[in-house]
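Chemist: Input: one structure, supplied below.
The values are calculated or read from the model by the stated rules, or taken from the named source; none is laboratory data. Keep in mind that what you see is a predicted model, and the values were worked out from it rather than measured. Cβ placement follows ideal geometry from the backbone for every residue including glycine, while neighbour counts extend to all protein chains displayed. Quick note on the areas: whole protein, heavy atoms, side chains included, nothing else; ligands and nucleic acids left out. Shrake-Rupley method; radii C 1.70, N 1.55, O 1.52, S 1.80 Å.
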Amino acid sequence: MEDQPSATFDPAGRRWLILLFILFAFTLIPFRPLEMIRDSVYWAGLVETLDPRIWHPHHLIYMPINALLLEFLRIFYADSTAIDAGQVHSAFWMLIAVLCTRAIALKATGSHPIAFLLAGLLLTSQMAWVFAMQPQAYAPLMGALSLLLWTLFSTRPDEYSTAWMIKIAALYAITVLYHQAMVLICFPLGYYLYSTKGKNGLRAALMVLFTSGAVVLSLYIWAASHVQENLSLQSFINYLTFFGQVMADPKYFNFQNYSWANSWVLLQSQFNAFQLPVWSMREGVLGVFFTGLVVMLAWNIRQILSKARHRQERSLLLFVLAIFWTLTLWGNPTDDGWPTFILIPLFFLLSISLGDGRDAITKNTKNQSLVFIALLLALTVGAARNLHGRILPMHQDEGVDYHWAEAISSVTPVECIVLETRMLAYYNLGYYFERKIRDYWDIITAAYYGSEQQRKAYFGEGVEASCLVIDSRYLHPSYSVSGKTASDFPGEWIGLLSWIFDIQKAAEGTYQWRDFDFIRANNGASYLLISRERTTDSQPIGRFWKRLSEIDAISPAVTGSVAQWLEDACRLPDSARQPLHSATCEARFDLQ
């Protein structure tokens, strides 16, 4: 961006800056959440135990910095937790993101009030506000990305030196280390440097990318060697692609996600990152949001083609948006993390777009008042809606999943491993109630959709625990997993039950399995308490199915019956991979 005289620290600038700090403080400090989201408490547990997995390949430096912050906080308050450290970490970087947004808006529009309101809009956006108070990596990512973009856009076109190159390389490396996917913006970043630095353009692009890349790669190699026992090229690749190794759910990383229906889902996710919708007006509001988004994008494309000012900055921001919208649609269009950090290029692009009307705004009091009133209305109404619908409930209560975990822990033995599909429930079980947990969603998706490598990783060995606890609904054939049930995967489902219950063939025509009882929690759900010991006497497999079919009666949420499923499934060809399938079909009439 062309260098403009800064008005940040003139008397008016100082007043608006102080007002922004006050808004930031009153937005975050009174509303610290009791409810934790996503991986927050899981990561907090890793940080407090200094587990090697704090070197998470997708957010490499986030948890190690939390660990350092935790030690620092404990100097002043011995009972500080990793949640406290993570909240300080996130709040600091959100402040950076807000200040950078204000600086870009001020440079583009020349208006202190408009810059203040745009920064306030970012701060009070639903998911930005949420992540600013969570021990999650997305607020630090937003801060690092905004600081990188602000530094680039505030630099004179002819400015280049070794110190400048190191500064940009360091900021880009930090951004990548907060989120691995940021490596993808190396292409538009390199092009931006090449196109804005004149005769030093190629040198600037190569030196920044090479220096930051060398730092990032070196740290990743060290982290992989620290986490893994034996480092090899294959194990390093597996470390880098961690989610691809463990996640078999077809909702994620699937090219079939590219559809008009999922594009609409992505639009909703992007709007939700900005504003908690009023459900009765959802379709209309989304239509207005979509129209405004298209108009802004089209306007900036026009400005690039007409070689208007800031065309390089617009090009960089549009490329970043295209990359991450495409990646989010492929990865998971319902995600809330990625659309949240996408707010940064959106707000920067909005600031530049408003700057195109700078003369009409700053030199016309009426126009400036209209823009100010529109932004003020958006800020106050949006902030009130997000506060009432999301921030206050999270501040006042630990959340549904915490209470769900509390109910499970109240009726299950401490020594048991709990198999749970609700991510927040099992993370709460592990952190707050110190229970051993396993992600049953990953287990069942691996059974249904997983590769041979994933199946081997999950099912190569039996479950070693004195007992298991699992919601009875998860063991019913009608339980839906990404739109599929045991009717779609009959052999795989029987194999999964065989693994859970450790079903072993004994004498001819008889089997042994882990004994189990049914228990009920005060959340209304029934659970199976599965013993480590198998039944002492060998029995026909029909006895197992007859006992398991009690789920039909005690789990009102299930549909159909175990008996009917057996009848339907056994009309299909036997699965060669599941030796229990034919024996099960022989026993199907025992349940009629």
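Chemist: At 222 nm, what helix-only mean residue ellipticity would the chain give, in deg cm²/dmol to the nearest 500, using -39500 (n - 2.57) for each DSSP H run of four or more?
Modeler: For the chain, the value works out to -19000 deg cm²/dmol.
Chemist: Given a cut-off of 14 Å, what percent of all Cα-Cα pairs of the stretch 108-182 lie beyond it?
Modeler: Here the long-distance tail beyond 14 Å is 69 percent of all Cα pairs in the stretch 108-182.
Chemist: Please report, to one decimal in angstroms, the Kirkwood hydrodynamic radius of the stretch 1-116 built from all distinct Cα-Cα pairs.
Modeler: Computed over the stretch 1-116, the radius equals 16.5 Å.
Chemist: Going through the stretch 227-309, which trypsin sites (Lys or Arg not before Pro) have at most 11 other Cβ atoms within 10 Å and a DSSP loop state?
Modeler: Counting only loop positions with at most 11 other Cβ atoms within 10 Å, the trypsin sites (Lys or Arg not before Pro) in the stretch 227-309 are LYS307.
Chemist: Could you pull out the GluC sites (Glu not before Pro) across the stretch 444-516 that fall in loop regions by DSSP (anything but H, G, I, E, B) with no more than 16 other Cβ atoms inside 10 Å?
Modeler: In loop regions of the stretch 444-516 (DSSP not H, G, I, E or B), the sparsely surrounded GluC sites (Glu not before Pro) are GLU461, GLU464, GLU508.
Chemist: Give the Rg/Rh ratio for the stretch 400-586, taking Rg as the radius of gyration of the Cα atoms and Rh as the Kirkwood radius, to two decimals.
Modeler: That ratio is 0.94, to two decimals.
Chemist: Given a Förster distance of 30 angstrom, what is the FRET efficiency for ALA308 paired with LYS167, based on the Cβ-Cβ distance and rounded to 0.05?
Modeler: It comes out at approximately 0.60.
Chemist: So what is the accessible area of the chain per residue, in Å², with the probe set to 1.4 Å?
Modeler: 45 Å²
Chemist: Based on DSSP H assignment, which helices of the chain show an axial Cα extent of at least 27 Å together with a mean Kyte-Doolittle hydropathy greater than or equal to -0.5?
Modeler: What comes out of the filter, once short or polar helices are dropped, is 82-109, 201-227, 282-305, 311-331, 365-386.
Chemist: Can you give me the relative contact order of the chain as a percent, contacts being Cα pairs under 8 Å and 6 or more apart?
Modeler: Contact order relative to length: 15 percent.
Chemist: How many angstrom separate the Cα center of the stretch 66-116 from the Cα center of the stretch 353-402?
Modeler: For the stretch 66-116 versus the stretch 353-402, the Cα centre distance is 20 Å.
Chemist: Shifting gears a bit: Counting only protein heavy atoms and a 1.4 Å probe, tell me what percentage of the chain's accessible area is made up of carbon and sulfur.
Modeler: 62 percent
Chemist: Now for a separate question. Please report the relative contact order for the stretch 415-546, taking Cα pairs under 8 Å with a sequence separation of at least 6, and give it as a percent rounded to a whole number.
Modeler: With pairs under 8 Å counted, the relative contact order is 21 percent.
Chemist: Give me the percent of Cα-Cα pairs in the stretch 371-443 that sit more than 16 Å apart, rounded to a whole number.
Modeler: The share of Cα pairs beyond 16 Å in the stretch 371-443 comes to 59 percent.
Chemist: Remind me, relative contact order of the stretch 310-461 in percent, using alpha carbon pairs under 8 angstrom and six or more residues apart?
Modeler: With pairs under 8 Å counted, the relative contact order is 12 percent.
Chemist: Also, I was wondering about something else. Calculate the FRET efficiency for GLN256 and ASP488 from the Cβ-Cβ distance with a Förster distance of 25 Å, rounded to the nearest 0.05.
Modeler: 0.95
Chemist: A follow-up question, please. Out of the stretch 67-172, which chymotrypsin sites (Phe, Trp or Tyr not before Pro) are coil in DSSP terms and have no more than 11 other C-beta atoms within 10 Å?
Modeler: Sparse-neighbourhood loop chymotrypsin sites (Phe, Trp or Tyr not before Pro): TYR77.
Chemist: While we're on this one: Modelling each spin label as a point 7 Å along the Cα-to-Cβ direction, I'd like the ALA374/VAL285 distance in nm, to one decimal.
Modeler: 1.9 nm
Chemist: Quick one: plug the Kirkwood hydrodynamic radius of the stretch 82-140 (C-alpha pairs) into Stokes-Einstein at 4 °C, 1.567 mPa s, and report D in µm²/s.
Modeler: 112 µm²/s
Chemist: Determine, for each peptide in 173-181, 558-566, the mean count of other beta carbons within 10 angstrom over its residues, then list the peptides with the highest first.
Modeler: Per-residue Cβ counts within 10 Å, averaged per peptide and sorted highest first, yield 173-181, 558-566.
Chemist: Tell me the label only: which of (1) 29.1, 92; (2) 27.5, 93; (3) 36.9, 141 is Rg and Dmax of the Cα atoms in Å as calculated from this structure?
Modeler: Matching the structure shown: (2).
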